[in-house]
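Take a look at this one; I'll ask things after.
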Amino acid sequence: MSTETADPQTWTLAARIVFPPSGEEDTLPLYVDFGRATPIEEKPNGNQPQVQVELTDSSSGDHRSDLISEDGTMELPAGLRVSLATVFNGFPASYWRQWTVATKTRLRLTIEGKANVMVYKSNAKGRALRVDSKRTKAAGGEISFTLPLDTFTDGGWYWCDLVAGEEGARLVSGSWEVNAEPVRPATLTIGITTFNRPDYCARTLMTLATASNLSETLKRVYVVDQGNQNVRDDELYPEAAELLGDRLKMIYQANMGGSGGFSRGMYEAVKADEAEFHLLLDDDVTVEPESIERLAIFASMCRRRTIVGGQMFDLNAKSIAHSFGEGINKWRWLWGAVEGTSNRVDLSAANLRRRSVLHRRLDVDYNGWWMELIPVSVIREIGLSLPIFIKWDDLEYGLRAQTIGVDTVTLPGAGLWHISWGDKDDSRDWQAYFHERNRILTALLHSPYERGGRLPYELSTLDVKHAVSAEYYAQTIRLMAVEDILAGPDHLHESITSRMPKLRALTKEFTDAQYKADPEAFPSVSRLSKPKFKTSPKAPNMVTLVPWTLKTVVRQLLPPSDNSKDRPEASVSHANSKYFVLSQYDSALVTKADGSGAAWYRRDPKQLRSLLARSAAARTALTMNWDKLRKQYREALTDVVSLDAWEKTFGISSEQPAQAEQVHAER
């Protein structure tokens, strides 16, 4: 296929070819791959044809970050094949075809020395096809390829491989362009919500302050500081504030969680009305300005208003992607990776040329609020976040936007590194309340099924699991969440600053919520007692679940052994602290998810009976009142998320300009 063109049309930058700093081994697989990838024979998978087309690597060279120079160029040693078939340097053609006005892309490369450049395309199944190649002259120079976007309906990428001549070469620069002008301006404001992460947040401000590619498009940065360890006290802050000047607005308010912090930034963006988009950005992240620019350019090219989000990579394992797209199982009312994909994808183990699933175009329900670009006009039309502190706010907003025809796109090649929540106890600590309440609330607002589909059953199952695991604190606050839902929508704004402190204070009444770092804080575990399990325990299956549950509950209602009151029977790691394990002990030390301590779980038949009875009553009340509650919450939604309602929660007087209230530009 010829890629020569004399087309005089306008070309707009879509993405630059970028590399990590020299010596950055962990992120290297996100930018560059090495060697030649060749397909192997497809094999049947059960009764279905195999769609995962695996590729093998026949590279003779190692992954080498030393080839990348400090100036962002890349050495191309003779004989070493380098591929840009990666999430940050490939071109996600199917996304540009589906959502934007572009019909062609152009790859431009500036190379010093003699090199061969080969361009490839893939389809949704990951099958690769070489579409063109060119060789530079001995002195090098600029080469370009113009490529159509008309065959990427279901998925597919463009990328290029490079092989230097006998004397080696250097890739000086590169970019992907599209043959269209923006539909709307690519201007943005950024809202960062932070709570006691001054070091992370100050580093992000410095990154934004020194980003030359954002100097014209970034109009304002709102930092909503809700903690008592303020960003302004970090050593990097004065320089970042000086560089940003009056583009930086610091806002101090009570801790209202992510939904309150992000809503404040959204509120300010609407009131200022100085940019087309507003970017929500988490505080505990590392972000590159290139990704921010890619989001803004893509959104400006979309045919209609679109929310565009970035992907999340693990800050502690930088080549691992949290997921490539988020969706919701509407029957179970549970979030997760889009069907057919998975969480925690390690791109250092297999990259774009070796994972066919990465070539599908994924249509998502929402994007996490670690990094999401929202048209300001959409915020003005549908309001701010639900006042629900944390959890489910980003998903609900994506679903609410869909009701007015605004879709969400998670754009490959734009992302950041975020502290993983894999090492958190958010299903057992105070956050369990928000998981429960907000899951029910969003189902009342958006579930297409009567009484939420399978949701009531799943919540009842969780009740039993927590109760028989002696997780009495988590189960108690989950029932508090149901009680709040039953009370109606008025509690949402009223409780946004008061509920979390109350939940934390309640930990004093439950030993299973009191984690201690000192190993000497607990009596030692007896090593002479009879083991509870002869082999590794397994979760009950569909056949054994009912008899297992009856047997376990009966045993749990019996008095615990006297010895277990004085000494724990076992020490259970967090990884093994499943309900079918914990339910078999009268007492056990259970490790915290991040390894910083342990809590003493003690079985109490009296608490078990009380919690199971309260659970039955609460679930019955929720089911019987579902239709009434759904009507109440849906009718109240417009008011609850309105700027006027949030103004009162923020403590802003509507008689004076919003930005004059609790806002300080520090230079």
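Within segment 258-283, how many residues turn out to be crowded, with 24+ Cβ neighbours inside 10 Å and of a type in the set (Lys, Arg)?
Summing the residues that are crowded, with 24+ Cβ neighbours inside 10 Å and of a type in the set (Lys, Arg) in segment 258-283 gives 1.
Please give the number of the condition residue 227 fails out of (1) over 26 Å from the mean Cα position of the chain (by Cα); (2) assigned to a loop (DSSP other than H, G, I, E, B).
With respect to (1) over 26 Å from the mean Cα position of the chain (by Cα); (2) assigned to a loop (DSSP other than H, G, I, E, B), residue 227 is out only on (1).
For every residue, the table says whether it meets (1) polar (S, T, N, Q); (2) without any contact (Cβ under 8 Å) to a residue 40 or more places away in the chain.
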position	(1), (2)
311	yes, no
317	no, no
323	yes, yes
330	no, no
340	no, yes
346	no, yes
349	no, yes
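Right, next: Do we have residue 156 as at positive phi, of a type in the set (Gly, Ala, Ser) and either crowded, with 20+ Cβ neighbours inside 10 Å or touching a residue at least 60 places away in the same chain (Cβ under 8 Å) (or both) here? Can you show your working first?
Working: at positive phi: yes; of a type in the set (Gly, Ala, Ser): yes; either crowded, with 20+ Cβ neighbours inside 10 Å or touching a residue at least 60 places away in the same chain (Cβ under 8 Å) (or both): yes.
Judged against the criteria, residue 156 is a match.
Would you pick out the residues in segment 422-452 that are closer than 22 Å to residue 507 by Cα, not basic (Lys, Arg) and not in a loop (DSSP other than H, G, I, E, B)?
431, 432, 433, 434, 435, 436, 438
Tell me yes or no: at least one residue of segment 314-332 is assigned to a loop (DSSP other than H, G, I, E, B) and among the hydroxyl-bearing types (Ser, Thr, Tyr).
The first filter runs over segment 314-332 and keeps only residues assigned to a loop (DSSP other than H, G, I, E, B), leaving 315-316, 322-325, 330-332.
Okay, now just the ones that are also among the hydroxyl-bearing types (Ser, Thr, Tyr), so 323.
Yes, some residue in segment 314-332 is assigned to a loop (DSSP other than H, G, I, E, B) and among the hydroxyl-bearing types (Ser, Thr, Tyr).
Could you please let me know if residue 222 is part of a strand (DSSP E or B), assigned by TED's automatic domain parsing to the domain that holds residue 380 and hydroxyl-bearing (Ser, Thr, Tyr)? Before you say what the answer is, go through the steps one by one.
Details: part of a strand (DSSP E or B): yes; assigned by TED's automatic domain parsing to the domain that holds residue 380: yes; hydroxyl-bearing (Ser, Thr, Tyr): yes.
So residue 222 fits the description; yes.
Scanning segment 589-626 for residues that are free of Cβ contacts under 8 Å to residues at least 40 places away in the same chain and over 31 Å from the mean Cα position of the chain (by Cα), which turns out farthest from residue 575 (Cα to Cα)? Full working, then the answer.
Going residue by residue through segment 589-626, those that are free of Cβ contacts under 8 Å to residues at least 40 places away in the same chain are 591, 606, 610, 613, 616-617, 620, 624.
Adding the requirement that they be over 31 Å from the mean Cα position of the chain (by Cα) leaves 606, 610, 613, 616-617, 620, 624.
Details: 606: 28, 610: 28, 613: 30, 616: 29, 617: 32, 620: 33, 624: 37 Å.
Once the filter is applied, the top-ranked residue is 624.
Now, a different point. Restricted to segment 410-438, and to residues that are under 13 Å from the mean Cα position of the chain (by Cα) and among the hydrophobic types (A, V, I, L, M, F, W, C), which residue is surrounded by the fewest Cβ atoms within 10 Å (Cβ to Cβ)?
Out of the qualifying residues, it is 421.
Okay, next question. If you take the residues of segment 115-143 that are out of contact with any Ser or Thr (no Cβ under 6 Å at 6 or more places or on another chain) and basic (Lys, Arg), which of them is farthest from residue 186 (Cα to Cα)?
My answer is 137.
Now for a different question. Which one is nearest to residue 276 (Cα to Cα), of the residues in segment 346-363 that are hydrophobic (A, V, I, L, M, F, W, C) and surrounded by fewer than 21 Cβ atoms within 10 Å (Cβ to Cβ)?
Going through segment 346-363, the residues hydrophobic (A, V, I, L, M, F, W, C) turn out to be 347, 349-350, 352, 357-358, 362.
If we keep only those that are surrounded by fewer than 21 Cβ atoms within 10 Å (Cβ to Cβ) as well, we get 349-350, 357.
Details: 349: 39, 350: 38, 357: 33 Å.
Here the answer is 357.
Mind listing whichever residues of segment 234-267 are under 30 Å from residue 322 (Cα atoms) and of a type outside the set (A, V, I, L, M, F, W, C)?
234, 237, 255, 257, 258, 259, 260, 261, 263, 264, 265, 267 - these are the residues of segment 234-267 that are under 30 Å from residue 322 (Cα atoms) and of a type outside the set (A, V, I, L, M, F, W, C).
Sticking with this structure for a sec: Out of the helices (runs of 4 or more DSSP H) lying entirely within segment 453-527, which hold 1 or more residues that are touching a Gly at 6+ places or on another chain (Cβ under 8 Å) and surrounded by 17 or more Cβ atoms within 10 Å (Cβ to Cβ)? Steps first, answer last, please.
On the way: elements: 455-468, 472-487, 491-495, 499-505.
Correct list: 499-505.
Give me a count of the residues in segment 266-289 that are outside any strand (DSSP E or B) and more than 16 Å from residue 204 (Cα to Cα). Talk me through it step by step, then tell me what you get.
In the first step, residues of segment 266-289 are kept if they are outside any strand (DSSP E or B); the result is 266-276, 282-284, 288-289.
Those still in the list that are more than 16 Å from residue 204 (Cα to Cα) too: 266-276.
The qualifying residues number 11.
Same structure, new question: Hey, does segment 122-132 have a residue that's under 18 Å from residue 30 (Cα atoms) and among the charged types (D, E, K, R)?
Scanning segment 122-132, I find no residue that is under 18 Å from residue 30 (Cα atoms) and among the charged types (D, E, K, R), so the answer is no.
The values are calculated or read from the model by the stated rules, or taken from the named source; none is laboratory data. Only a predicted model underlies this, so the values are computations on that prediction, with no experimental measurement involved. Counting neighbours? That spans all protein chains shown, and the Cβs are built from the backbone with ideal geometry, glycine included.
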